[in-house]
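Everything on this sheet refers to the single structure shown next.
The values are calculated or read from the model by the stated rules, or taken from the named source; none is laboratory data. Quick caveat: nothing in here was measured; it's all calculated off a predicted structure. Cβ atoms come from the backbone with ideal geometry, glycine included; neighbour counts cover every protein chain shown.
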Amino acid sequence: MDKYRTSLIFQCLIFLIPLNFYMWGDWLLVNVQWALFRFQESGYGDSLILGYKDPLYIWLGQNTGLFNIAASGLWTIGTIILLLGLALTIFAIYSGEEITLLRQASLFTIGGGIALGLSALCRFNGGFAIPIGVPIILIIGWWMYRNSSEEEDEAEPVHETGEVSGS
């Protein structure tokens, strides 16, 4: 049970670490992005952009361009996938099917990390992006997957008659 709670703690930490650091132009615009929000500093002032507002800006036509649309979409998709992984981890702790649900949650975590990494690549256009937290997300997902695989390997299959295999 401790492995499952450790997985839950790591999944919650994903939402607290900064994922990406961006710079556009000659330090005209600097962003630090977390999973649920982004802090932006520019010559016009500082802004806190919540995750739901970025796609809304594109929908309203305030932010255009293929790379901005792709970055916003991948950020939204990656965050949703991470939230689904967190929900599965919580459900895995309180249900009997801990191993299979934890393995699925680890795949969601890895998928969310990949989507957020691709989002950083799309934001790279016109400056640079440093994915600080994305490798940490991938490591956490790999660690969860490895631990769930070890747990499944340790469990011996039981036949229909109730006998343990290998006896």
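Some notes on this structure:
- Residue match in segment 49-71 (condition: part of a strand (DSSP E or B), surrounded by fewer than 16 Cβ atoms within 10 Å (Cβ to Cβ) and touching a Leu at 6+ places or on another chain (Cβ under 9 Å)): yes
- Residues of segment 113-151 satisfying the condition of being of a type in the set (Phe, Trp, Tyr) and assigned to a loop (DSSP other than H, G, I, E, B): Phe124
- Test: Ala35 is assigned to a loop (DSSP other than H, G, I, E, B), more than 25 Å from Ser149 (Cα to Cα), touching a residue at least 40 places away in the same chain (Cβ under 8 Å) and not polar (S, T, N, Q): yes
- Segment 21-37, subset more than 14 Å from Ile49 (Cα to Cα) and of a type outside the set (Phe, Trp, Tyr), residue surrounded by the fewest Cβ atoms within 10 Å (Cβ to Cβ): Asp26
- Failed condition for Ile114, given (1) hydrophobic (A, V, I, L, M, F, W, C); (2) farther than 30 Å from Trp27 by Cα; (3) modelled with pLDDT of 95 or more: (2)
- Residue check for Ala92: within 17 Å of Phe10 (Cβ to Cβ) and modelled with pLDDT under 90: yes
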